[in-house]
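The values are calculated or read from the model by the stated rules, or taken from the named source; none is laboratory data. Note that the coordinates shown come from a computational prediction; the quantities given were computed from them, not determined experimentally. With ideal geometry, Cβ positions are generated from the backbone for all residues, glycine too; neighbour counts draw on all protein chains shown. The area values use the complete protein model at the heavy-atom level, side chains included, leaving out ligands, DNA and RNA. Shrake-Rupley method; radii C 1.70, N 1.55, O 1.52, S 1.80 Å.
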Amino acid sequence: PSLVVDVVLLDEQGRLILIQRKNFPQWPALPGWFVDYGETGKAAAIREVQEETWLEIEIERDLWIRDEPNRDPRAHNVSHAFTGKIIGWILEAADDAKAIIKVHPRDLDQVDFAFPDHKEMIQKAIFG
């Protein structure tokens, strides 16, 4: 399995910041991607958020690790999820993000996530 990172972020109005993915699966997802060789999960999370959204963040806490073999339709990828705090506000889709999506947490059921466990990650981050 490969290691990926996912980051739960909220804007100033308490809305989730998601990306619309350019590549398969092309649905909304949390910002994140693969950890590079020699890189920590936290460093990868900060880098990936900046590459996909231009936001500067700091990691607040580890959320959890998901390792179910079928959690990612592309391959067996283990996700290390974090919550992040935005410290620099230039928000624009970049890299493998086609667009930025802002969603109020109460509207999570209306989002068809690229990775179904992203909804669970968000719920754990926000609601405990």
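So which strands (runs of 3 or more DSSP E) stay within region 25-124 end to end and still have 1 or more residues that are out of contact with any His (no Cβ under 9 Å at 6 or more places or on another chain) and among the β-branched types (V, I, T)?
Values: elements: 32-34, 56-66, 77-88, 97-103.
Result: 56-66, 77-88, 97-103.
For region 58-111, enumerate the residues that are among the charged types (D, E, K, R), free of Cβ contacts under 8 Å to residues at least 24 places away in the same chain and over 13 Å from V7 (Cα atoms). Explain how you work it out, then say what you get.
So the first thing to find is which residues in region 58-111 are among the charged types (D, E, K, R), and the list is 58, 60-62, 66-68, 71-72, 74, 85, 92, 95-96, 98, 102, 106-107, 109.
Add one more test, that the residue is free of Cβ contacts under 8 Å to residues at least 24 places away in the same chain, and what stays is 61-62, 106-107, 109.
If the condition is that a residue be among the charged types (D, E, K, R), free of Cβ contacts under 8 Å to residues at least 24 places away in the same chain and over 13 Å from V7 (Cα atoms), then R106, D107, D109 are the ones that fit.
Of these, F34, F24, which one is closer than 21 Å to N70 by Cβ, exposed (fewer than 14 other Cβ atoms within 10 Å of the Cβ) and at pLDDT 95 or above?
Details: F24 fails: at pLDDT 95 or above.
Result of the check over F34, F24: F34.
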Any hit, region 76-91, residues being open to solvent by less than 90 Å² (accessible area, probe 1.4 Å), more than 11 Å from the chain's Cα centre (by Cα) and closer than 16 Å to F113 by Cβ: yes
Sole exception among (1) open to solvent by 50 Å² or more (accessible area, probe 1.4 Å); (2) over 13 Å from the mean Cα position of the chain (by Cα); (3) at pLDDT 95 or above for P73, by number: (3)
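Yes or no: region 95-105 includes at least one residue that is in contact with a Pro (Cβ under 7 Å, 6 or more places away or on another chain) and either surrounded by 14 or more Cβ atoms within 10 Å (Cβ to Cβ) or of a type in the set (F, W, Y) (or both).
So the first thing to find is which residues in region 95-105 are in contact with a Pro (Cβ under 7 Å, 6 or more places away or on another chain), and the list is 101.
Next, only the ones that are either surrounded by 14 or more Cβ atoms within 10 Å (Cβ to Cβ) or of a type in the set (F, W, Y) (or both) stay: 101.
Checked region 95-105: at least one residue is in contact with a Pro (Cβ under 7 Å, 6 or more places away or on another chain) and either surrounded by 14 or more Cβ atoms within 10 Å (Cβ to Cβ) or of a type in the set (F, W, Y) (or both).
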